[in-house]
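Let me give you the structure first, and then I'll get to my questions.
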Amino acid sequence: MIKIDNLIVQFGGIRPINELSAVLTAPIAGLIGPNGAGKTTLLNVLSGFVKPIQGSVSLGERPLLPMMPLQRVRAGLRRSFQTEQVVEDLTVAGNIAAIADHVVGAGHHAFAVEHALAFVGLTEVADRLGQSLNLFQRRLVELAKCVVGEPKLILLDEPAAG
Ligand SMILES: Nc1ncnc2c1ncn2[C@@H]1O[C@H](COP(=O)(O)OP(=O)(O)OP(=O)(O)O)[C@@H](O)[C@H]1O
Ligand SMILES: [Mg+2]
């Protein structure tokens with residue numbers, strides 16, 4: 001599903017990814033490695049936050065690297081963050097709606113948000129502010145943001161951390 005060819009990422013004198021070639025197949029592929037191995041960096045490359053100095057990545061038949069992050073999201077790719085990105089002064093539903101705004105047609109918006117909240121089990125706290133959530137609920141918000149709409153591929157960065 002994802003084909004990575006000869007990828008290099010360089011940050012100054014550090015090369016966390018050095019000539020990586022790999023095929024990540026459906027339905028689930030896992031990536032393990034010690035602290036600093038480059039796992040998050042790879043997710044950053046796949047989601048468009050870090051630009052490699054060499055190599056190519058394709059999602060199915062589509063070249064991924066020329067696409068901007070939002071184009072990748074609209075192509076069905078989502079990612080979660082290792083440190084969860086909850087907007088503290090929005091409600092739980094508001095946090096999910098902010099993502100749905102970009103990926104769900106207007107008529108399906110409310111249903112998509114409800115569906116994502118139900119899927120991760122956050123329906124009962126939908127109207128609570130982000131700042132009132134515990135760590136477990138914050139991780140679930142991160143997951144709900146990944147599943148809202150109709151993603152084809154979800155990249156999870158240490159979803160069970162904490
Ligand atoms: N934006 C950046 N600028 C400079 N160096 C970076 C940047 N992002 C990551 N690094 C460095 O690249 C290396 C790989 O980091 P990365 O966060 O990808 O590792 P990781 O495998 O996700 O580690 P962890 O298990 O701690 O999450 C580390 O040496 C890190 O300090
Ligand atoms: Mg990491």
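The values are calculated or read from the model by the stated rules, or taken from the named source; none is laboratory data. Because the structure is a prediction, the values reported are computed rather than measured. Using ideal geometry, Cβ is built from the backbone for each residue, glycine included, and neighbour counts are taken over all protein chains shown. SASA here: full protein model, heavy atoms, side chains in, ligands and nucleic acids out. Shrake-Rupley method; radii C 1.70, N 1.55, O 1.52, S 1.80 Å.
Which of the listed residues, Gly36, Asn18, Gln82, is farthest toward the dipole's positive end in the chain, when Lys, Arg count +1 and Asp, Glu count -1 at the beta-carbon?
About the Cα centre, the residue reaching furthest to the positive side is Asn18.
Measure out, as a whole number of angstrom, how far apart the alpha-carbon centroids of segment 133-162 and segment 12-78 sit.
What the calculation gives is 18 Å, centre to centre.
If R0 is 25 Å, what FRET efficiency do you get for Ile53 and Ala22 from their C-beta distance, rounded to 0.05? All intermediate terms of the calculation are to be shown ahead of the outcome.
On the way: r = 18 Å, r/R0 = 0.70.
Taking R0 as 25 Å, the efficiency between Ile53 and Ala22 is 0.90.
Right, next: List the residues whose amide H sits under 5 Å from the amide H of Gln54, counting only those 5 or more places along or on another chain, with H placed 1.01 Å from N in the peptide plane.
Ile8
Further question: Please arrange Phe49, Phe11 by accessible surface area, largest first, computed with a 1.4 Å probe and ligands excluded.
On the way: Phe49 125, Phe11 95 Å².
Final ranking, largest accessible area leading: Phe49, Phe11.
Work out, step by step, the length gained on full extension between Ala106 and Ala29: first 0.36 nm times the residue separation, then minus their alpha carbon distance; give nm to one decimal.
On the way: separation 77, 0.36 × 77 = 27.72 nm, distance 3.29 nm.
Result: 24.4 nm gained on full extension.
Then there is this: Restricting to bridges with both residues inside the chain, how much of the DSSP beta-bridge set is antiparallel, in percent to the nearest 5?
Working: 15 of 18 bridges.
Percent antiparallel among DSSP bridges in the chain is about 85.
Could you work out what % of the accessible surface of the chain is carbon and sulfur, using a 1.4 angstrom probe and leaving DNA, RNA and ligands out of the count? Write down the numbers at each step before the final one.
Details: 5400 of 9360 Å².
Within the chain, the accessible surface is 58 percent carbon and sulfur.
Treating only the Cβ atoms of Lys and Arg (+1) and Asp and Glu (-1) as charged, compute the dipole magnitude of the chain about its Cα centre; round to the nearest 20 debye.
Numbers: 14 positive and 14 negative charges, 97 e Å.
Using only the charged Cβ atoms, the result is roughly 460 debye.
Then there is this: Sum -39500 (n - 2.57) across every DSSP H segment of at least 4 residues in the chain, then divide by the residue count to get the 222 nm mean residue ellipticity, nearest 500. Working shown, then result.
Details: 5 runs with 52 residues, N = 162.
Computed mean residue ellipticity for the chain: -9500 deg cm²/dmol.
Relative to the Cα centre, what is the charge dipole magnitude of segment 92-155, using +1 at the beta carbon of each Lys and Arg, -1 at the beta carbon of each Asp and Glu, and rounding to the nearest 20 debye? Provide the component values of the computation, followed by the final result.
Working: 5 positive and 6 negative charges, 43 e Å.
For this selection, approximately 200 debye.
Once you place label points 7 Å from the Cα toward the Cβ at Ala160 and Gln71, how far apart are they in nm?
Result for the modelled spin labels: 3.6 nm.
With +1 on each Lys and Arg Cβ and -1 on each Asp and Glu Cβ, and nothing else charged, work out how big the dipole of segment 21-79 is about its Cα centre, in Debye to the nearest 20. Spell out each step's value before the answer.
Values: 7 positive and 1 negative charges, 40 e Å.
Result for segment 21-79 is approximately 200 debye, rounded to the nearest 20.
Could you compute how much accessible surface Arg72 exposes when probed at 1.4 Å, giving the result in Å² to the nearest 10?
Accessible surface of Arg72 is approximately 10 Å².
Using a 1.4 angstrom probe on the protein heavy atoms only, could you order Phe111, Phe81 from most to least accessible area?
Working: Phe111 140, Phe81 60 Å².
Largest accessible area first, the list is Phe111, Phe81.
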